[in-house]
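Some notes on the structure that comes next.
The values are calculated or read from the model by the stated rules, or taken from the named source; none is laboratory data. Nothing here was measured: the structure is a model prediction, and the numbers come from that model. Don't worry about glycine lacking a Cβ; one is built from the backbone with ideal geometry, like all the others, and counts go over all protein chains shown.
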Amino acid sequence: MTEAPVVGEVTAQGLRRLYLDYIECLNRRDGAALGNFVHAEAEHNGTRIGLSGYREMLKSDVAAIPDLFFDVRMILCDAPFIASRLHFDCTPVGLLFGLPVNGRRVRFDENVFYEIEAGRIRRVWSVIDKDTVRQQIE
């Protein structure tokens with residue numbers, strides 16, 4: 001059996017483990033542990049939000065979607081990058097992406113890409129399928 005490819009000191013297997021641990025942290029709502037996974041200078045879709053902004057973003061997401069659960073459907077690792085497809089089956093309490101969901105159950109996907117720096121998520125690029133949500137509430 002060949003060993004996992006190494007880029008610097010990061011293996012694809014190591015990135016996968018880091019990502020799954022990060023998702024587990026999100027699903028536990030463990031804001032205190034988030035710094036183990038997210039870089040202090042984190043960026044989201046090109047905007048520097050830092051670790052504190054990242055925490056606030058997730059807190060806001062949970063307030064809008066109390067049953068938020070990150071369901072990993074696909075992970076691809078090519079150090080220092082991770083690509084993932086996440087599935088959501090949830091019941092937002094009010095607006096979601098500016099759409100009046102108001103307690104209706106919706107299902108949608110997110111394609112998200114991460115760049116890892118110094119063992120933590122430094123950059124995130126997220127694309128959410130908002131049209132699917134729109135179709136479900138019309």
Item to check | Checking residue 41 against (1) of a type outside the set (Phe, Trp, Tyr); (2) surrounded by 15 or more Cβ atoms within 10 Å (Cβ to Cβ); (3) touching a Lys or Arg at 6+ places or on another chain (Cβ under 9 Å), the condition it does not meet | outcome: (2)
Checklist entry - Within segment 94-105, is even one residue closer than 21 Å to residue 24 by Cβ and out of contact with any strand residue (DSSP E or B) (no Cβ under 8 Å at 6 or more places or on another chain)? => result no
Checklist entry - How many residues are surrounded by 15 or more Cβ atoms within 10 Å (Cβ to Cβ), within 24 Å of residue 17 (Cα to Cα) and in contact with a Lys or Arg (Cβ under 9 Å, 6 or more places away or on another chain) when one looks only at segment 116-134? => result 1
Item to check | Lone qualifier among 112, 72, 62 - being more than 28 Å from residue 10 (Cβ to Cβ) and either in contact with a Leu (Cβ under 8 Å, 6 or more places away or on another chain) or assigned to a strand (DSSP E or B) (or both) | outcome: 62
Checklist entry - Across segment 106-138, which residue is modelled with the lowest pLDDT among those that are over 20 Å from the mean Cα position of the chain (by Cα) and not polar (S, T, N, Q)? => result 138
Checklist outcome for this item: Expected output for segment 62-89 (first residue touching a residue at least 24 places away in the same chain (Cβ under 8 Å), partner of a type outside the set (Val, Ile, Thr) and assigned to a loop (DSSP other than H, G, I, E, B), Cβ below 6 Å, 6+ apart or cross-chain) is 62/68; 64/92; 65/92; 86/70
Item to check | Criterion (surrounded by 13 or more Cβ atoms within 10 Å (Cβ to Cβ) and among the basic types (Lys, Arg)) met by exactly one of 85, 73 | outcome: 85
Checklist outcome for this item: Over segment 93-112, the set of residues loosely packed, with under 12 Cβ neighbours inside 10 Å and closer than 30 Å to residue 81 by Cβ is 98
Checklist entry - Residues of segment 53-84 being among the charged types (D, E, K, R) and under 15 Å from residue 26 (Cα atoms), which ones? => result 55, 56, 59, 61, 67, 71
Checklist entry - Is there a residue in segment 64-71 that is modelled with pLDDT of 95 or more and either among the polar types (S, T, N, Q) or out of contact with any strand residue (DSSP E or B) (no Cβ under 8 Å at 6 or more places or on another chain) (or both)? => result yes
